[in-house]
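Structure, as structure tokens:
Just so it is clear, none of the values below were taken in a lab; they were calculated from the coordinates. Since we're looking at a predicted model, the values are computed, not measured. Methodologically, a virtual Cβ is constructed for each residue, glycine included, from the backbone with ideal geometry; neighbour enumeration extends over all protein chains shown.
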Amino acid sequence: MAPANPIIVVTGEPETASAVAAALNANGRSRSTEVCATLPDLVRQMARSQPAAVLVDIDPNPTGALQALEPLVSKFRDTRFIVLASQLSNDLIFEAMQVGARHFLLKRSIPEELSTVLRRLIPDHPAGEYGEVLTVLSAGGGCGATTLSINLANELALIASETALLVDLDACYGAIGPYLGVQGDFGIADVLGHGPRIDASLVRSSARPYADKLHVLLSPVSINFPKPLALRYEYLGDALEACKQSYAFTVIDAPRLSMEAAATVAGASRLVLVALQLTVKDIQIARFMMEALAGYGIPEDRVLAVINRYHRKGGPIRLDEARRALGTPQVRCVDNDFRSAVQAINFGQPLAQTAPTSALRRAIRELAAEIRLQSPAAKASSDA
């Protein structure tokens with residue numbers, strides 16, 4: 001009997017099949033490899049056992065092969081389809097993504113890249129294990145929400161020794177990509193564009209690594225500033241569920257969202273952080289946002305007001321006055337440390353790298369540690 005969840009190669013070229021087998025053997029993949037000469041052969045094979053991944057050689061007729069592949073991708077949604085070809089073009093990549101392929105791999109890159117691609121596309125965690133989503137909303141421009149998002153995700157990854165995902169939902173500026181110097185051809189808009197076919201492997205294949213434990217789903221503005229793709233907010237819930245299946249922590253930088261979209265993100269989040277400065281305008285907007293979230297059914301204990309650039313020596317508005325005006329006891333202060341924040345931005349790095357002993361980094365790390373302690377994974381570990 002063939003082992004469960006094999007990897008199937010669809011190709012009429014013996015050298016391509018051999019290259020795949022050699023790459024898998026060299027990198028210690030445990031799943032067996034099977035070869036089908038044609039797509040009809042693949043259909044018959046998948047009727048017997050569903051593979052973990054299928055590598056489809058689309059030479060010499062790429063368009064025809066992709067058209068024939070599309071119904072299989074729709075039918076076998078738990079299988080990861082990878083396209084192999086001798087030549088690469090943006091149009092061909094787009095066509096492959098449209099039919100639901102999870103990766104486009106040049107044949108000459110099989111020895112170097114195949115194992116890495118499969119590790120990314122085939123989850124290593126057991127089915128049913130989920131991460132958590134944290135959302136950062138902004139009560140005003142320039143209040144430090146993006147700096148908070150980036151460093152919160154990085155600190156969670158460091159504390160938990162797990163990979164965190166940053167999702168940039170800023171459709172105006174897309175600040176996370178320029179901040180961290182991350183570039184790519186795909187991002188959150190491409191994920192949402194797959195509609196009901198969104199899954200964990202699509203999220204992982206669309207994310208770009210900033211570091212080994214910190215990945216980014218870019219804003220469409222970071223990919224094409226003059227003509228960004230539209231964000232299909234109706235599929236946000238599907239995308240966030242896929243993020244939970246892909247990463248231990250997902251941090252959403254979500255400024256300038258409509259309240260309906262913000263409520264969708266908040267509904268999938270364990271905690272919503274509303275970033276603001278200690279000004280009358282920010283406090284009023286933050287209160288409006290929290291009241292609106294409550295109206296959408298988001299529990300008060302899942303919303304935290306985070307006052308950025310807080311001066312401990314005080315200012316025109318006292319902290320107790322802000323608490324009363326916000327109407328919530330759940331208020332957290334992050335110290336004002338403009339110099340460290342600007343230094344991190346200019347170097348394109350998290351505070352842990354540019355200002356590891358700064359007051360700003362310490363405050364965000366303490367917040368991340370508290371969030372980590374309240375996570376289901378940490379509670380399960382302490383109860384064991």
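Distance from the C-alpha centroid of the range 134-178 to that of the range 184-200: 19 Å, rounded to the whole angstrom. Residues whose amide H lies under 5 Å from that of residue 81, counting only those 5 or more places away or on a different chain, are 54, 102; hydrogens are built 1.01 Å from N in the peptide plane. For the range 234-244, the Karplus equation 6.51 cos²θ - 1.76 cosθ + 1.60, evaluated at θ = phi - 60°, returns couplings of 5, 10, 4, x, 4, 5, 5, 5, 5, 4, 4 Hz by residue, with Gly and Pro reported as x. Residues whose amide H lies under 5 Å from that of residue 214, counting only those 5 or more places away or on a different chain, are 164; hydrogens are built 1.01 Å from N in the peptide plane. Applied to the range 284-290, the Karplus parametrisation 6.51 cos²θ - 1.76 cosθ + 1.60 on θ = phi - 60° returns per-residue 3J(HN,Hα) values of 4, 5, 4, 5, 4, 5, 5 Hz, with x for Gly and Pro. Excluding same-chain pairs closer than 8 in sequence, count the lysine pairs in the chain whose Cα atoms lie under 23 Å apart. Qualifying lysine pairs in the chain: 4.
Residues whose amide H lies under 5 Å from that of residue 275, counting only those 5 or more places away or on a different chain, are 137, 138, 139, 306; hydrogens are built 1.01 Å from N in the peptide plane. Ellipticity at 222 nm from helices only: DSSP H runs of n ≥ 4 in the chain, each -39500 (n - 2.57), divided by the residue count, give -13500 deg cm²/dmol. What shape does the range 7-121 take by its C-alpha gyration tensor, where a ≥ b ≥ c are the square roots of the eigenvalues and a/c under 1.5 counts as rounded, a/b above b/c as prolate, and the rest as oblate? Judged from the Cα gyration tensor, the range 7-121 comes out rounded (a/c under 1.5). If you wrap the Cα atoms of the range 132-383 in a convex hull and average its projected area over all directions, you get 13.1 nm².
Note on the range 132-383: antiparallel DSSP beta bridges, both residues inside, total approximately 10 percent of the bridges counted. Within the shell of other residues whose beta carbon sits under 12 angstrom from the beta carbon of residue 19, the net charge comes to -3, with Lys and Arg scored +1 and Asp and Glu -1.
Taken along the Cα-to-beta-carbon direction at a fixed 7 Å, the label points for residue 59 and residue 109 span 1.5 nm.
Using the Karplus relation 6.51 cos²θ - 1.76 cosθ + 1.60 with θ = phi - 60°, the per-residue 3J(HN,Hα) values for the range 55-68 come to 9, 10, 7, 9, 6, x, 10, x, 5, x, 5, 5, 4, 6 Hz, with x marking Gly and Pro. Calculate the tail of P(r) for the range 177-224: the fraction of all Cα-Cα distances greater than 11 Å, expressed in %. Of the Cα pairs, 64 percent sit more than 11 Å apart.
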